[in-house]
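The values are calculated or read from the model by the stated rules, or taken from the named source; none is laboratory data. Since the model is a prediction, treat every value here as computed from it, not as a measurement. Here Cβ is always computed from backbone atoms with ideal geometry, including for glycine, and neighbour counts include all displayed protein chains. Heads up: the accessible areas ignore ligands, DNA and RNA and are worked out on the full protein's heavy atoms, side chains in. Shrake-Rupley method; radii C 1.70, N 1.55, O 1.52, S 1.80 Å.
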Amino acid sequence: MMRTLTVKSEGTKPFQLLENNQILAELNYPKWYGTFQAELSSAKSDSVLTIKASGFWKSQVELWEGEECIAKSTLNWSLSVIISINGKEYLLKMKSLTEGLFVLMDSDKNELLYIDADMDWSNLKASYHIWFNEGIKTDLSNEILLFLVHNCNYFSALSGNASCTEYLAAM
């Protein structure tokens with residue numbers, strides 16, 4: 001059976017990563033205006049990880065655990081995101097602009113997982129569905145999965161996806 005996770009948010013509440021209605025981790029934007037900084041917390045730990053935008057054009061996003069940067073992403077000119085996690089590089093790109101579908105690929109261009117954005121503007125609800133390629137083992141932590149969702153939000157806002165930009169502005 002294909003592993004599927006859901007990420008949900010309602011209004012100004014944190015994004016929650018869920019599996020079988022169990023909260024695995026949360027992504028919280030402390031400020032509702034354009035800083036693109038966020039905090040990640042796990043249901044299994046008291047530690048809080050911090051997401052910060054950096055670089056001249058704020059084209060890099062870093063995930064910090066205390067004083068250590070554990071993941072970094074960089075928006076490149078081909079409108080995809082290069083993500084470095086523990087020395088491994090991945091590519092996050094929009095598979096379908098009109099459907100809000102993202103794909104994460106490894107350095108061999110294997111499609112590891114898919115992130116499908118679903119925004120309900122009338123109720124200010126956002127959700128993502130994450131499903132994994134059954135044929136390839138993926139060992140990304142729950143916090144890294146929410147870091148990917150943050151990158152989807154960030155990428156959409158910077159690339160001019162109006163619906164996502166409006167949503168982030170309302171946060």
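Probe radius 1.4 Å, ligands and nucleic acids ignored: give me the carbon and sulfur share of the accessible area of segment 18-133 as a rounded percent. Each step should come with its number before you reach the end.
Values: 3440 of 6990 Å².
Here it works out to 49 percent.
Using the Karplus curve 6.51 cos²θ - 1.76 cosθ + 1.60 with θ = phi - 60°, what ³J(HN,Hα) values do you get for each residue of segment 100-116, in whole Hz, with x for Gly and Pro?
Values per residue, Gly and Pro as x: x, 9, 10, 10, 10, 10, 7, 5, 8, 6, 6, 7, 7, 8, 10, 10, 10 Hz.
Less than 23 Å apart at the alpha-carbon level, and either on another chain or at least 8 residues along: which lysines does that give for residue 8?
Hits, sequence-local ones excluded: 31, 44, 52, 93, 95, 125.
Using a 1.4 Å probe, what is the accessible area per residue for segment 1-138, in Å²? Provide the component values of the computation, followed by the final result.
Details: 8490 Å² over 138 residues.
Here the per-residue accessible area is 62 Å².
Charges at C-beta only: +1 for Lys and Arg, -1 for Asp and Glu. How large is the resulting dipole of segment 38-84 about its Cα centre, in Debye rounded to 20? Show your work: numbers first, answer last.
On the way: 4 positive and 6 negative charges, 51 e Å.
That gives a dipole near 240 debye.
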